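The values are calculated or read from the model by the stated rules, or taken from the named source; none is laboratory data. All values derive from a computational prediction rather than experimental measurement. Here the Cβ is made from the backbone with ideal geometry for all residues, glycine too, and neighbour counts use every protein chain on show.
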């Protein structure tokens, strides 16, 4: 029993390290999104840090329309980046979880 507990603890520590490595790697995974007409383009990391924003000159004439474009495009990009982030971290966590009966967290 004690040996199993030590093995589980070691596996949890190893998994924690892999999760941290994955978080660091996700700083370099880029997610691109653009408005439906391509007038606003944004790039985020999978950790949801904005890397770049490109705005068509036409939108610079209408502040309100530009704000609407930015909100929609950034929200879509954040949603996409969050999906990548959660999928990657869940995969690492699932692979590293010890087999504890009755604890099926990642089905």
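Brief remarks on what is shown
- Each residue in segment 48-100 was checked for being within 27 Å of residue 28 (Cβ to Cβ), in a helix (DSSP H, G or I) and without any contact (Cβ under 8 Å) to a residue 24 or more places away in the chain, and 9 pass.
- The conditions of being touching a helix residue (DSSP H, G or I) at 6+ places or on another chain (Cβ under 9 Å), surrounded by 13 or more Cβ atoms within 10 Å (Cβ to Cβ) and in a strand (DSSP E or B) are met by residue 43.
- Residue 87 being surrounded by fewer than 16 Cβ atoms within 10 Å (Cβ to Cβ), modelled with pLDDT under 95 and within 30 Å of residue 36 (Cβ to Cβ): yes
- Set side by side, the residues 66, 30 differ, and just one is closer than 22 Å to residue 86 by Cβ, surrounded by 11 or more Cβ atoms within 10 Å (Cβ to Cβ) and modelled with pLDDT of 95 or more, which is 30.
- So residue 93, is it surrounded by 16 or more Cβ atoms within 10 Å (Cβ to Cβ), modelled with pLDDT of 95 or more and closer than 30 Å to residue 11 by Cα: no
- Sole exception among (1) modelled with pLDDT under 95; (2) under 23 Å from the mean Cα position of the chain (by Cα) for residue 10, by number: (2)
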